[in-house]
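Here is the structure we will look at.
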Amino acid sequence: MPSTRKTLVRQLFLPIGLTLFAASGVAGWFSLNSLKQSFYDEARRDLQVRAEIVRPHFASRLNSANVSKLQPLCREIAETARARLTVVLPDGQVLCDSHEDPARMDNHASRKEFDRALKNEAGFAIRSENRSGKPMMFVAVPVVVDGPVRGAVRVSRPMSEIDSTLQGVGRPLILAGALFALTAVALLYYFSRRIIGNIKEIQSGAERFTEGDFSFRLPLPVVSEFNSLSRTLNHMAVQLDDRIRTITEQRNEQQAILTSMVEGVFAIDRDETVIHMNEAAGRLFGVDPRFAQNKPLQAVVRNTRLLAFVTQSLESRDLQETDIELDWEGQVRYLQTRGTVLRNTHKESIGAVFVLYDVTRLRKLETMRRDFVANVSHELKTPITSIKGFVETLLDGALESPEDARRFLGIVSKQAERLNAIIEDLLSLSRIEQDSDTGAIVTQECHLREVLENAICDCAPKATQKGIRIDLDCAKELIANVNPPLLEEAVVNLVDNAIKYSDPEKRILISAAQSSGAMTIQVRDEGKGIDQQYLPRLFERFYRVDKARSRQMGGTGLGLAIVKHIVQAHGGSVEVASTPGVGSIFSINLPKNK
Ligand code: ADP
């Protein structure tokens, strides 16, 4: 589309140039006209003077009788006066003429110049001459002798002579005028170009500023107005650069804070379009935060509870808070969500910002703690109830029968032992947990075989009781970086279980091997084994496959939990493989550097 805007040249230079030309033309025309007028006036005065000088020569000869003498005189005087000379009588009859034969000339009384001269005034006329048709200037003066007008003398010159003198003066004048106009226009053009040059320089500088190049500085022109404009623009560029730098730094800081935040943060406008979403929020919603930008929130988040909360927060004035459950990679995550309205400088609502705290771990810990307390209470309650019952029975009279008393006290003692075992296991568990949390577990390089032999030694009485043989397969030179008492406790727990859940005369094999730096200790038995379905929960506290049998065996349900915590404190893992009726294999995997 062609631009409808006019350039400065068209706006400024063309009109002024044209005006200059027109003004020069008009001034020239007027000057030439007045010059012409004054030339004609001068010529007229000149002709009148000549006529008046000539007049006395004819005053005494003015009658038709002297015609033959007058004609040569007329020619002679005309030659001296360098003009045409005509003399008429009062009736208009031509008496003599320097250029014509008077006999052939008609009556001149009606000629304008003669008409006035015969009325005793100077007459003047410019017109074409009758015969030749050439334009002439005529001046006639009366010839008065003793009062009345006796005739008139006329002097005339061709206009071409007068005009040629005029042209001699007028031509340089026109030339000078034209030269002046041209110089003025050239100067005007030069200054216009300079002004336009300055403006273009400022314009291109301003364009660079709009493109964000604030390091550019406009050159300072000589013209003071442009100079101060350029200075102002340069100053503006410095200020803008400063401000943009500050804003960018602030934005980067905010971005860095938001990105590094563990809490999910997202902001929306009033139409629920995402303005910003940080990495943590993106992770929770399973989207790339850059993809979420400028998308409707409904397209990013599917959780109806959260969407409803967002709408509610947008409509509310105060901080809103709620708990939301979110499906996240097949698991449920609990989000404590806070939303507050965003306001602009006029305090108008422009959207809302939301912070999501992932409290899943806290929730799980709370649940675990609750379950644990319930389990401990339950575990402790059984032996205490039993002890209380038997003590009451004894007090109620059973003491009288020494046989019953001995039996009941035996049971009380067994239950007390059970209580003791549970409390000791709990204390052990909490100590290991505490030490592993605070990093207080001290490891040292030791011969693994010695640790395993000590564990076998601890279990030997029970094994011998059941006729169970414990074999050890561990190279003497095997060195492990472990906490020996804790690892011994873990192996004892595993061997103890192997003895408990194996029939008499069976065999238990403890083996240890190292492969690519990592250490594996296995406790293999030929016991009753564990059904596959129980394996995932086997290492939980108080979990037992067969509660009655476990209790009967003096188990607390904490042995494997203790093993798991000890191994985890070493940075390792524990696993089990079992086949019912064949036996079980418990493996402790210790990492390379432990
Ligand atoms: P408990 O004190 O009951 O033995 P543990 O935590 O040591 O508690 O073991 C949890 C449960 O795992 C036991 O009750 C038992 O059912 C099962 N279990 C552990 N070790 C073995 C094993 N070697 N063979 C068969 N079952 C076992």
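The values are calculated or read from the model by the stated rules, or taken from the named source; none is laboratory data. Keep in mind it's a predicted model, so treat the numbers as computed, not measured. With ideal geometry, Cβ positions are generated from the backbone for all residues, glycine too; neighbour counts draw on all protein chains shown.
Filter the range 176-202 down to the residues that are exposed (fewer than 15 other Cβ atoms within 10 Å of the Cβ), β-branched (Val, Ile, Thr) and touching a helix residue (DSSP H, G or I) at 6+ places or on another chain (Cβ under 9 Å) and list them by number. Answer for the range 176-202, where residues must be exposed (fewer than 15 other Cβ atoms within 10 Å of the Cβ), β-branched (Val, Ile, Thr) and touching a helix residue (DSSP H, G or I) at 6+ places or on another chain (Cβ under 9 Å): just Ile199. Taking the range 35-73 as the range and being modelled with pLDDT of 90 or more and polar (S, T, N, Q) as the test, the residues that pass are Gln37, Ser38, Gln48. Counting only helices (runs of 4 or more DSSP H) wholly contained in the range 258-364, the ones carrying 2 or more residues that are touching a residue at least 40 places away in the same chain (Cβ under 8 Å) occupy 279-285, 304-315. Taken over the range 527-573, residues that are part of a loop (DSSP other than H, G, I, E, B), closer than 28 Å to Val482 by Cα and more than 9 Å from the ligand (Cβ to nearest atom) amount to 3. Taking the criterion of being more than 30 Å from Thr165 (Cβ to Cβ) and either surrounded by fewer than 17 Cβ atoms within 10 Å (Cβ to Cβ) or of a type in the set (A, V, I, L, M) (or both), the residues of the range 46-67 that qualify are Ala59, Ser60, Leu62, Asn63, Ser64, Ala65, Asn66, Val67.
For the structure I just gave you, tell me whether Ala512 is more than 16 Å from the ligand (Cβ to nearest atom), buried (at least 21 other Cβ atoms within 10 Å of the Cβ) and at pLDDT 95 or above.
When the stated conditions are applied, Ala512 passes them.
Beta carbons closer than 6 Å, at least 6 apart along the sequence or on distinct chains, pair a first residue in the range 479-499 that is under 19 Å from Tyr543 (Cβ atoms) with a second that is within 11 Å of the ligand (Cβ to nearest atom) and hydrophobic (A, V, I, L, M, F, W, C) for Ala490/Val563; Asn493/Ile562; Asn493/Val563; Leu494/Val523; Leu494/Phe586; Ala498/Ile508; Ala498/Val523. Of all residue pairs spaced 6 or more apart or on separate chains, those with beta-carbon atoms under 6 Å, a first member in the range 123-137 that is polar (S, T, N, Q) and a second member that is surrounded by 14 or more Cβ atoms within 10 Å (Cβ to Cβ) are Ser128/Pro135. Considering Gly286, Gly339, the condition of being surrounded by fewer than 17 Cβ atoms within 10 Å (Cβ to Cβ) and under 27 Å from Leu362 (Cα atoms) is satisfied by Gly286 alone.
Residue-by-condition table, conditions (1) more than 60 Å from the chain's Cα centre (by Cα); (2) under 27 Å from Glu42 (Cα atoms); (3) surrounded by 18 or more Cβ atoms within 10 Å (Cβ to Cβ):
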residue	(1), (2), (3)
Lys69	yes, no, no
Glu76	yes, yes, no
Arg82	yes, yes, no
Val87	yes, yes, yes
Glu129	yes, yes, no
Ser132	yes, yes, no
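Just one of the numbered conditions (1) in the same structural domain as Gln48 (by TED's automatic domain parsing); (2) surrounded by 12 or more Cβ atoms within 10 Å (Cβ to Cβ) is not true of Asp101: (2).
Checking each residue in the range 83-107 for being part of a loop (DSSP other than H, G, I, E, B) and without any contact (Cβ under 8 Å) to a residue 40 or more places away in the chain picks out Asp91, Gly92, Gln93, Ser98, His99, Glu100, Asp101, Met105, Asp106, Asn107. Among the residues of the range 28-62, those identified as in contact with a Leu (Cβ under 8 Å, 6 or more places away or on another chain) and not in a helix (DSSP H, G or I) are Arg61, Leu62. Scanning the range 575-586 for residues that are touching a residue at least 40 places away in the same chain (Cβ under 8 Å) and either in contact with a Phe, Trp or Tyr (Cβ under 6 Å, 6 or more places away or on another chain) or more than 8 Å from the ligand (Cβ to nearest atom) (or both) gives Val576, Thr579, Pro580, Gly581, Val582, Ile585. In summary, helices (runs of 4 or more DSSP H) completely within the range 396-504 and bearing 1 or more residues that are farther than 21 Å from Leu560 by Cβ and at pLDDT 90 or above occur at 402-438, 448-466. Inspect the range 203-216 for any residue being surrounded by 14 or more Cβ atoms within 10 Å (Cβ to Cβ), closer than 30 Å to Tyr334 by Cβ and not hydroxyl-bearing (Ser, Thr, Tyr) and give the result as yes or no. Within the range 203-216 (the criterion being surrounded by 14 or more Cβ atoms within 10 Å (Cβ to Cβ), closer than 30 Å to Tyr334 by Cβ and not hydroxyl-bearing (Ser, Thr, Tyr)), the answer is no, since none of the residues qualifies. Looking across the range 70-112, just one residue is of a type in the set (Asp, Glu) and under 18 Å from Pro148 (Cα atoms), and that is Asp91. Screening Phe13 on (1) surrounded by fewer than 12 Cβ atoms within 10 Å (Cβ to Cβ); (2) closer than 30 Å to Leu179 by Cα shows it passes everything except condition (1). Take the range 161-175 and flag every residue that is within 30 Å of Pro56 (Cβ to Cβ) and either among the polar types (S, T, N, Q) or surrounded by 16 or more Cβ atoms within 10 Å (Cβ to Cβ) (or both). Within the range 161-175, Ile162, Thr165 qualify.
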